[in-house]
Protein chains: 4
Amino acid sequence: MPGSSFGRLFTVTTFGESHGPGVGVVIDGVPPGLSLGAEDIQKELDRRRPGQSAITTPRAEKDRVEILSGTFDGLTTGTTIALLIRNEDKRSSDYDNLRDLYRPGHADWTYRAKFGLRDWRGSGRASGRETAARVAAGAVARRFLSARGITLLGYSREIAGVRAARVVPEEIERNPARCPDPDAAPKMIELIEKAKAEQDSVGGIVEVVADGCPPGLGDPVFDKLEALLGHAILSVGAVRGVEVGAGFEATRMRGSVYNDEPYMDGPRMRTRTNHAGGIAGGISNGMQVVVRAAMRPPASIARPQKTVAVSGESVTVEIAGRHDPCIVPRAVPVIEAMTALVLADCLLVQDAYHGAAGGRAGDVAH
Amino acid sequence: MPGSSFGRLFTVTTFGESHGPGVGVVIDGVPPGLSLGAEDIQKELDRRRPGQSAITTPRAEKDRVEILSGTFDGLTTGTTIALLIRNEDKRSSDYDNLRDLYRPGHADWTYRAKFGLRDWRGSGRASGRETAARVAAGAVARRFLSARGITLLGYSREIAGVRAARVVPEEIERNPARCPDPDAAPKMIELIEKAKAEQDSVGGIVEVVADGCPPGLGDPVFDKLEALLGHAILSVGAVRGVEVGAGFEATRMRGSVYNDEPYMDGPRMRTRTNHAGGIAGGISNGMQVVVRAAMRPPASIARPQKTVAVSGESVTVEIAGRHDPCIVPRAVPVIEAMTALVLADCLLVQDAYHGAAGGRAGDVAH
Amino acid sequence: MPGSSFGRLFTVTTFGESHGPGVGVVIDGVPPGLSLGAEDIQKELDRRRPGQSAITTPRAEKDRVEILSGTFDGLTTGTTIALLIRNEDKRSSDYDNLRDLYRPGHADWTYRAKFGLRDWRGSGRASGRETAARVAAGAVARRFLSARGITLLGYSREIAGVRAARVVPEEIERNPARCPDPDAAPKMIELIEKAKAEQDSVGGIVEVVADGCPPGLGDPVFDKLEALLGHAILSVGAVRGVEVGAGFEATRMRGSVYNDEPYMDGPRMRTRTNHAGGIAGGISNGMQVVVRAAMRPPASIARPQKTVAVSGESVTVEIAGRHDPCIVPRAVPVIEAMTALVLADCLLVQDAYHGAAGGRAGDVAH
Amino acid sequence: MPGSSFGRLFTVTTFGESHGPGVGVVIDGVPPGLSLGAEDIQKELDRRRPGQSAITTPRAEKDRVEILSGTFDGLTTGTTIALLIRNEDKRSSDYDNLRDLYRPGHADWTYRAKFGLRDWRGSGRASGRETAARVAAGAVARRFLSARGITLLGYSREIAGVRAARVVPEEIERNPARCPDPDAAPKMIELIEKAKAEQDSVGGIVEVVADGCPPGLGDPVFDKLEALLGHAILSVGAVRGVEVGAGFEATRMRGSVYNDEPYMDGPRMRTRTNHAGGIAGGISNGMQVVVRAAMRPPASIARPQKTVAVSGESVTVEIAGRHDPCIVPRAVPVIEAMTALVLADCLLVQDAYHGAAGGRAGDVAH
């Protein structure tokens, strides 16, 4: 059945559950000749890893990645790359009391309804652990993008209602909230800790900005750049909404305000504002691509909740175990990864156009 | 190149530009034996048609649909359906003054950058007219869905910042704003007319609710139901954001509030609230599926705007012609159509699972 | 459901039945800037058209093609091309006596079994008439290929057991058998006429040779060039086998004979023989790509045949109407078209590789 | 880039090279609730394994499979299955003398041309070792098929020109040639040994018969059952041709002979002959599905061959190492696997049709 693969030319297929032997990903479409070692991937995995700080789950996964195929002498060969991350700190016993009930806000009941059975240890395939495979694939995509001058920057734009008012890039990795605003960061952390103390959880908004995208990424009609980003990002577990550029705010603007005014910056077309988030008609326009993901508060909370048992009885559940009171900081590298996968895919498609059109497409200065 | 097709089993492929001979769609995956006539499709096209009211473009397209294949004796055959809608009221001369410049907020520049050339008459393939093909396909999908007990209701949840506070279904088609709240409707219409008088445009939010979805629609990992909805809906021209259930509002909720409490309603599992928008772990849970699309204000406005000519010079443009001051009301059937396409597709995939699992999947009462 | 689309980047989606309004095709992936008019497509359709000679069906279809989208000022725009061919000479009454039985060798029974109902007029979607859409799409693919120096030559290699011993290109279109060997042509025609007189039919082998293919077409593992050719060509109704290069003959060769000896021809790598049919490891090697399709004798024959009625009774059927005693000559442009579609698709994919690898791939002289 | 995935609903994605850490496969679409253990897969891998007999390569791979995901408590969960087979007996040094030249009949030159670089150890991704992953996936597909009453039988129909005149099923696994005819088996073995002694290789034909296929498998137009089989089987390295039913022999038959006569066998429609190989109009008709693959002689032979060095110079190569003088016997499980993958995929698609049509499709007795 469909579901485990994403991408048209830069294609990723993930596998694995949180309590099986491991998770991993197969990547097709990586151009040949890129230098790539396990350390390039490990670096990104370490940003997603549990146990990074006091405000994330203490589950102690080292998340060591093994490259199973696709490189030779330190270079990509142009053929299929496979990556494997073994699970280590899986305590299935944490889930023993959950096998006979459906946790609120989780996929327990829907997986049971869809498949007629379910792996009740830690959400099975619906586990957030699957995103490790996405981050690993995203690291490979970023290797390709950076060779083409495209870089990504992600951060927590908002947590528990506190919004970062400004973006200081070097601040992001300095605080455990991955907040780019040094004034907002302590407030975010405080609210996360408060929720944790109260056996509760909070949500927020991840923002990713892509710099250096050439005009021409994205395709007409159904494969518009924002549509692919929406697909990619809404496929991450806790995401409930996606917007590009001015997003939902655009709905309250007049057209005369929303329309970004074009001008020539030397040989380059630019716009004075960027309400469009770098995308017009579904195709990148050369400005920064800006996308935001709305992350709901994590479903696993320690306070007692009413729910339904597999038997149909009404029961109360307290979800023990090691959970994140806020997933936003650890989701930053995941949303970056999804953005990277989409851009890498669009870049390959545009390369095909460009080549086929004899260098006409994408070459125009304005 | 990819782009004109959408769907895994219920697959649509659209074609056509606003100023060519016509637009249309090829649909694969329609089950055999459904009664289907041109009138079933026409009914939906009439809701999207220009010239419906004082607050929409007066372009006079009748949008008559012809079924080119896939039915026999009034029934679908299970093979490919093709639909054609000829263009009638195309005044390419309206665009003569636009051929040498890039309109602000339009795809003119990005199409030029991507393809090296462009059809400057009415946005070519990027025209909103392409959505007529989507609505036609959506009508076929809705025929299938309704045979399975699934119905869709769409409306303008918000226009120009005015929000519908309640949903009175029978009110929707009574007012040209397609507003479900009789108190909010006149305010919305007033603001649209004001923007029009001021040669400007306004945006808003379309909401679609699907009733009767069985549990099990949507697939793990990348093809989660919300991911497919996000892809489908963000591929509609003016959409800048998509959210399901509580959406962006969920980011400011605590987990203890966001988590919908499950209970048994006789043999059926239900939840007391529906912040999840009918989707848990990417799979429908049997509650109403709720999705919202953020529509920016239309780019074509009559007031003078600064922009760049193809030559690179700075110029001022006044976009004459027949344009919508607000696209939200006409977008309602389009967003409904995209929702219907996704649900039809997921239903077929689930039928495959269900059949393959010998009726196990999707059959469980709880 | 899948089935009506083919191709990864150069994608075609056909529609239509023999006795509906028409057949057609939607094509995605055509590069921008190619000159393309209806006459370019018509030329190929005329080669497939019924009623060309005494040895083909007299069904009088003019097969006029209309371009519905995708060109502007005589050039392709890079966006979706749609082509429509209206049916004209459909005599559904010819099929009145066939509605209640299953014709031997036809898809009548399998369509009924698959879909639960069927369009009994002229095979519905299984009609050979659908190949007109393929030939139209193939003509567009050939426009792209010829701009890149790739040309195709197809002919009847064998009919009714008579094999063309040599290939004289200019002979092919001179005789109604499309036989490239002036000595074999009259024998082929004689055997076709004999079969026709005896109310029977004969089969044969179509061979297509592609010249000018650069090295690098086709992809590792499942999308090897021969695999895509096999898929494309075996999807044509009457084809029962496909082979490349030495094909089935290779199974009786020793490795020391089969292996083509490489040598340098100036800066170009070539092989002294071409048993590989221009493909090694699934990827074109720069030699001629050679593919053959085994065409069974047409199923529709006038002589009485025993079969089964829809009621289950045993009956005898005589298939009146206008049928081809041998489909091989008219299949030549169809097999050429399928070959062209595959090569165009592989060329686009290779363009993506090439672009992404910064011009490394495909550039090496040896 | 495309290439490593196959299938529409039952989807496999392979990875790995002969001299990297291992090969493997990710499988999507396996229905939930099937019992599946490593031993079910191992059984098929053992049939493909090198070193089985005196007439196969002595490379000593145990080919132990590890299930990385997708099962729980010994049952499939309906989610992604991943399988890993570590490489053990890789002697890269065998290839040291091959790094600077292109072996005749191999993918060395085409990979170099496509990617600009290549993994010269044992063909990299083009290695026949990749088929271990296919066999593993095929074993999973066969688990599903057998639960639905479909079984496969494969054998060497012909080797080095010696044809099996009859099929004695229990004979097949008794002789190392996998020949189903006890009279032909010794002749086949003799010719393989002779070729080996002469530092040469021989080819042959694998035949696979599928029993128990319900009517309705395969889809109209491009996804005809024979087209999918052709794609799948021609993607196996050494295959140069594919045919179904009477295949190339059909080209020399009259229509009156080729057409299989339908009759009712109680409630079941059958045909008196099976020239169609169980497929009419691209859809299974309930008879045995019969497919044949033409395997060329292996390219790796010990006798000296002329070829071209990477430098462009003419050189002579003697390919030492451990190679199969005939790949046909070990290819039997591979062709079975590819057939199984196609049938599993078609069965899922037909389940979707069937479910969507409310049980109409596929239900008709005749």
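Brief remarks follow.
- If you go through region A:107-124 and keep only what is touching a helix residue (DSSP H, G or I) at 6+ places or on another chain (Cβ under 8 Å), in contact (Cβ under 8 Å) with a residue 40 or more places away in the chain and either open to solvent by 10 Å² or more (accessible area, probe 1.4 Å) or away from every other protein chain (no Cβ under 11 Å) (or both), you end up with A:ASP119, A:ARG121, A:GLY122, A:SER123.
- Qualifying residue in region B:336-348 (condition: open to solvent by 10 Å² or more (accessible area, probe 1.4 Å) and either within 30 Å of B:TYR95 (Cβ to Cβ) or at the interface with another protein chain (Cβ under 7 Å from one of its Cβ atoms) (or both)): no
- Unique match (being in contact (Cβ under 8 Å) with a residue 60 or more places away in the chain and touching a helix residue (DSSP H, G or I) at 6+ places or on another chain (Cβ under 7 Å)) among D:ASP223, D:ASP211, D:ASP219: D:ASP219
- Search result, residues across region B:283-323 that are outside any strand (DSSP E or B), facing chain A (nearest Cβ under 7 Å) and either under 30 Å from B:ASN259 (Cα atoms) or over 24 Å from the mean Cα position of the chain (by Cα) (or both): B:ASN285, B:ARG303, B:GLY312
- Test for B:VAL290: is it farther than 21 Å from A:THR271 by Cα and at pLDDT 95 or above: yes
- Set B:GLY237, B:GLY204: member being within 20 Å of the chain's Cα centre (by Cα) and closer than 30 Å to B:GLN350 by Cα: B:GLY237
- Scanning region C:103-144 for residues that are within 16 Å of the chain's Cα centre (by Cα) and of a type in the set (A, V, I, L, M) gives C:ALA126, C:ALA132, C:ALA133, C:VAL135, C:ALA136, C:ALA137, C:ALA139, C:VAL140, C:ALA141.
- Screening C:GLU190 with (1) out of contact with any helix residue (DSSP H, G or I) (no Cβ under 9 Å at 6 or more places or on another chain); (2) within 14 Å of chain D (Cβ to nearest Cβ) gives one miss only, at (2).
- C:ARG163 vs. criteria surrounded by 24 or more Cβ atoms within 10 Å (Cβ to Cβ) and of a type in the set (Lys, Arg): no
- Criterion applied to B:ALA227, B:ALA238, B:ALA232 was being touching a Leu at 6+ places or on another chain (Cβ under 9 Å) and more than 7 Å from chain A (Cβ to nearest Cβ), and the one residue passing it is B:ALA232.
- Residue in region C:225-239 that is among the charged types (D, E, K, R), closer than 28 Å to D:GLU130 by Cβ and in contact with a Lys or Arg (Cβ under 8 Å, 6 or more places away or on another chain) present: yes
- Test result for A:TYR263, open to solvent by less than 10 Å² (accessible area, probe 1.4 Å), facing another protein chain (nearest Cβ under 7 Å) and without any contact (Cβ under 8 Å) to a residue 24 or more places away in the chain: no
- Within region C:333-362, the set of residues being assigned to a helix (DSSP H, G or I) and in contact with a Phe, Trp or Tyr (Cβ under 6 Å, 6 or more places away or on another chain) comprises C:ALA344, C:ASP345, C:LEU348.
- Single match in D:GLY74, D:GLY16, D:GLY51 (criterion: away from chain A (no Cβ under 14 Å), on the phi > 0 side of the Ramachandran plot and small (Gly, Ala, Ser)): D:GLY51
- A single member of A:ALA139, A:ALA133 is buried (at least 20 other Cβ atoms within 10 Å of the Cβ) and within 14 Å of chain B (Cβ to nearest Cβ), and it is A:ALA133.
- Leading residue by the ranking (farthest from the other protein chains (Cβ to nearest Cβ)) among those in region A:20-34 that are open to solvent by 10 Å² or more (accessible area, probe 1.4 Å) and touching a residue at least 60 places away in the same chain (Cβ under 8 Å): A:LEU34
- Filtering region D:50-66 to residues that are surrounded by fewer than 20 Cβ atoms within 10 Å (Cβ to Cβ) and under 30 Å from D:ARG8 (Cβ atoms) leaves only D:GLU66.
Yes/no matrix, rows are residues, columns are (1) farther than 17 Å from B:ILE283 by Cα; (2) open to solvent by 10 Å² or more (accessible area, probe 1.4 Å):
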residue	(1), (2)
B:ALA184	yes, no
B:ALA197	yes, yes
B:GLY203	yes, no
B:VAL209	no, yes
B:LYS224	no, yes
B:VAL244	no, no
B:GLY247	no, no
B:MET253	yes, yes
B:SER256	yes, yes
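- Residues of region A:266-276 satisfying the condition of being farther than 13 Å from A:VAL290 by Cα and either open to solvent by less than 20 Å² (accessible area, probe 1.4 Å) or assigned to a strand (DSSP E or B) (or both): A:ARG268, A:MET269, A:ARG270, A:THR271
- Region B:283-304 - residue that is in contact with a helix residue (DSSP H, G or I) (Cβ under 7 Å, 6 or more places away or on another chain) and open to solvent by 10 Å² or more (accessible area, probe 1.4 Å) and, of those, farthest from A:MET253 (Cα to Cα): B:ASN285
The values are calculated or read from the model by the stated rules, or taken from the named source; none is laboratory data. Keep in mind that what you see is a predicted model, and the values were worked out from it rather than measured. Here the Cβ is made from the backbone with ideal geometry for all residues, glycine too, and neighbour counts use every protein chain on show. Quick note on the areas: whole protein, heavy atoms, side chains included, nothing else; ligands and nucleic acids left out. Shrake-Rupley method; radii C 1.70, N 1.55, O 1.52, S 1.80 Å.
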